[in-house]
Amino acid sequence: MTAVAKLQSDRVSITYPLKNGDEVTAVKDFEITVKEGEFVCVVGPSGCGKSTMLGAIAGFQDISDGHLYLNGQPIKGAGRDRGVVFQQASLFPWRTALENVIYGLELAGVPKNERRAKGEELLKLVGLEPFANHYPNQLSGGMQQRVNVARALAIEPSLMLLDEPFGALDAQTREFMQLELLRIWKATNQTIVFVTHDIAEAVYLSDHVVVMTARPGTVREKVKIDLPRPRPLEIKRSPEFLEYEKYIWDLIVQEKEKSNL
Ligand code: ADP
Ligand code: MG
């Protein structure tokens, strides 16, 4: 059973100190509300603070100002209620794919047979069942990232945080993973915050797309995606879909022009 995961923020700002005493404000007055069971994507120009914001929700990143709440409680550090998938797969090189997937279950004290069965099920889900006994350096970058996704899913977190998780995958695998992620999301009732620079990916996955401004990143607009679910991949060619894509693309182009980057 997954617990409720409701995310709220109140004017979050995040500043990085620089060596010469200056500061960089990465995120400013950022507001995000994610309801229980909702799928929200965050898009914005490169360097606008998407990863910084996701790191704060994960609890890896201190916030300088404002508040961030998960289920009404202030976020203080990382927790097992959140599963995180980064851009780069960070697997243990000395563990096989299966051993990597079940790492969190080991920590949680799940019995050996049970965690093995769960690990195999998850590897199957990401299409890597035949590679259970391969070490990370025996897998392609894309395959490693799929192990990474399976590993985050293993502990059944109520909130999944993904930072460009499919960026390293080939186009076909990426589409398959998007479809699979929606299926898993439906099955688990998870709440998901997903960062991507791929607007079509954001529209396809989301209930809402949060479009960020250029740095310091704040919310430019929250776009509700009113496409029916389940969403077959072909929906990406529908006029409604393309309209959302263009609308968000135009917002981002305006932000890019403003920042002159
Ligand atoms: P995005 O994920 O949207 O591309 P990031 O969140 O990685 O953007 O970065 C946002 C801004 O914060 C960037 O301008 C970046 O240079 C700055 N930044 C990120 N990490 C650090 C850091 N550790 N120290 C100083 N500045 C940083
Ligand atoms: Mg990033």
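Between residue 92 and residue 249, the distance separating the two model label sites (each 7 Å from Cα on the Cα→Cβ line) works out to 4.5 nm.
Note: the chain, Cα convex hull, 138 Å³ per residue.
The HN-Hα couplings worked out from phi for region 89-106 by the Karplus form 6.51 cos²θ - 1.76 cosθ + 1.60 (θ = phi - 60°) are 5, 10, 8, 6, x, 8, 10, 5, 4, 4, 5, 5, 4, 8, 3, x, 6, 4 Hz, whole numbers, x standing for Gly and Pro.
Each label was represented as a point 7 Å from its Cα along the Cα-to-Cβ direction; for residue 256 and residue 69 these points are 3.7 nm apart.
Each of 53, 177 was scored by other Cβ atoms within 10 Å of its Cβ. Arranged with the fewest first, they read 177, 53.
Taking other Cβ atoms within 10 Å as a rough exposure proxy, 194, 60, 92 sort from fewest to most as 92, 60, 194.
For region 247-255, putting each phi into the Karplus relation 6.51 cos²θ - 1.76 cosθ + 1.60 with θ = phi - 60° gives couplings of 4, 6, 4, 4, 4, 6, 4, 4, 5 Hz, in residue order, rounded to whole numbers and with x for Gly and Pro.
Averaging Cα coordinates gives a centre for region 120-184 and one for region 218-232; these two points are 24 Å apart.
Note on 15, 196: ascending count of other Cβ atoms within 10 Å places them as 15, 196, the fewest first.
Largest first, the extents of the alpha carbon coordinates of region 92-135 on the three principal axes equal 25, 21, 13 Å. Cross-link reach is defined here as a Cα-Cα straight distance under 20 Å, omitting same-chain residues fewer than 8 places apart; for residue 6 the lysines meeting it are 35, 50, 76, 186, 222, 224.
Counting residues in region 1-110 as N, plug N into 2.2 N^0.38 Å and put the Cα Rg over that result. Before the final figure, lay out the partial values.
Working: Rg = 16.2 Å, N = 110, 2.2 N^0.38 = 13.1 Å.
That ratio works out to 1.24.
I'd like the FRET efficiency for residue 222 and residue 187, computed as 1/(1 + (r/R0)^6) with the beta carbon distance as r and R0 of 45 Å, rounded to 0.05. If you can, show how the numbers build up before the last one.
Working: r = 26 Å, r/R0 = 0.58.
Computed FRET efficiency for residue 222 and residue 187: 0.95.
3J(HN,Hα) along region 191-208: 9, 10, 10, 10, 9, 8, 9, 8, 5, 4, 4, 5, 5, 4, 7, 8, 7, 9 Hz, from the Karplus curve 6.51 cos²θ - 1.76 cosθ + 1.60 with θ = phi - 60°, whole Hz, x for Gly and Pro.
If packing is taken as the average count of other Cβ atoms within 10 Å, what order do 33-44, 146-157 fall into, highest mean first? Mind dumping the intermediate values first?
Values: 33-44: 21.3, 146-157: 23.8.
So the peptides 33-44, 146-157, ranked by packing, come out 146-157, 33-44.
With all pairs of separate Cα atoms included, region 1-51 yields a Kirkwood hydrodynamic radius of 13.2 Å.
Where a number appears in this text, it was derived from the coordinates with a stated rule and is not lab data. Everything quoted here is computed from the prediction, not taken from an experiment. Every residue, glycine among them, receives a Cβ derived from its backbone with ideal geometry; neighbour counts consider all protein chains shown.
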